[in-house]
Amino acid sequence: MRLSRFFIDAPLSLGEHELPEAQAHYIGRVLRMAEGDALQVFDGSGMEFRGTLVEVGKKRVRVQLDESFAGQDESPLQIHLGQGLSRGERMDWAIQKATELGVGEITPI
């Protein structure tokens with residue numbers, strides 16, 4: 001089973017948390033996750049949290065974080081992406097996703 005991992009732009013700790021609306025929409029509508037599903041979240045502080053979904057609604061998702069551990073290290077690979085030019089939001093999206101995947105350098109071509 002795949003464990004989905006999400007960045008939350010707010011301080012996290014063990015216990016119950018309500019996720020921001022953007023992540024709530026993605027979890028509930030796009031991934032169609034349900035109550036009781038496991039997930040992993042991180043906040044950029046170096047710690048990651050594993051938990052389960054307590055409530056999944058259209059715009060509201062609550063998660064119970066039960067376990068914390070040291071975050072994943074950055075990849076030792078230096079990845080350089082040559083990205084063909086796209087219009088508007090498509091280019092922004094490609095750069096965002098490449099950055100999330102660990103690309104170190106992006107060259108528009």
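Taking the stretch 67-85 as the region of interest, how many residues are open to solvent by 100 Å² or more (accessible area, probe 1.4 Å) and out of contact with any strand residue (DSSP E or B) (no Cβ under 9 Å at 6 or more places or on another chain)?
4
Which one is modelled with the highest pLDDT, of the residues in the stretch 1-49 that are assigned to a strand (DSSP E or B) and among the aromatic types (Phe, Trp, Tyr)? I'd like the intermediate steps shown before the answer.
Initially, the stretch 1-49 is screened for residues assigned to a strand (DSSP E or B), giving 4-7, 15-18, 38-42, 47-49.
Among the residues that remain, those that are also among the aromatic types (Phe, Trp, Tyr) are: 6-7, 42, 49.
Values: Phe6: 87, Phe7: 87, Phe42: 88, Phe49: 93.
For the stretch 1-49, the residue satisfying everything is Phe49.
Please verify whether Gln96 is under 14 Å from the mean Cα position of the chain (by Cα), open to solvent by 80 Å² or more (accessible area, probe 1.4 Å) and under 18 Å from Asp9 (Cα atoms), treating the condition exactly as stated.
Values: under 14 Å from the mean Cα position of the chain (by Cα): yes; open to solvent by 80 Å² or more (accessible area, probe 1.4 Å): yes; under 18 Å from Asp9 (Cα atoms): yes.
Criteria met by Gln96.
Just give me the residues in the stretch 52-66 being loosely packed, with under 12 Cβ neighbours inside 10 Å and either modelled with pLDDT of 90 or more or under 28 Å from Ile95 (Cβ atoms) (or both), in sequence order.
Step one: filter the stretch 52-66 for residues loosely packed, with under 12 Cβ neighbours inside 10 Å, giving 57-59.
Within the stretch 52-66, Lys59 is the sole residue that qualifies.
Identify all residues within the stretch 1-46 that are closer than 11 Å to Ser68 by Cβ and either among the small types (Gly, Ala, Ser) or open to solvent by 70 Å² or more (accessible area, probe 1.4 Å) (or both); write none if there are none.
Once the filter is applied, which keeps residues that are closer than 11 Å to Ser68 by Cβ and either among the small types (Gly, Ala, Ser) or open to solvent by 70 Å² or more (accessible area, probe 1.4 Å) (or both), the stretch 1-46 yields Ser13, Leu14, Gly15, Ser45, Gly46.
Restricting the stretch 96-109 to residues that are of a type in the set (A, V, I, L, M, F, W, C) and in contact with a strand residue (DSSP E or B) (Cβ under 6 Å, 6 or more places away or on another chain), which is farthest from Phe7 (Cα to Cα)? Let's see the steps before the verdict.
We begin by selecting, within the stretch 96-109, every residue of a type in the set (A, V, I, L, M, F, W, C); these are 98, 101, 103, 106, 109.
Filter once more, keeping what is in contact with a strand residue (DSSP E or B) (Cβ under 6 Å, 6 or more places away or on another chain): 98, 103, 106, 109.
On the way: Ala98: 15, Val103: 17, Ile106: 22, Ile109: 29 Å.
My answer is Ile109.
Just to be sure before I move on: is Arg62 part of a strand (DSSP E or B) and in contact with an Asp or Glu (Cβ under 6 Å, 6 or more places away or on another chain) in the structure I sent? Reasoning before the result, please.
Numbers: part of a strand (DSSP E or B): yes; in contact with an Asp or Glu (Cβ under 6 Å, 6 or more places away or on another chain): yes.
Criteria met by Arg62.
The values are calculated or read from the model by the stated rules, or taken from the named source; none is laboratory data. All values reported here derive from a predicted model rather than from experimental measurement. Cβ: placed from backbone, ideal geometry, glycine included. Neighbour counts: every protein chain shown. When the accessible area is computed, the model is the full protein with side chains, heavy atoms only, and any ligands, DNA or RNA have been set aside. Shrake-Rupley method; radii C 1.70, N 1.55, O 1.52, S 1.80 Å.
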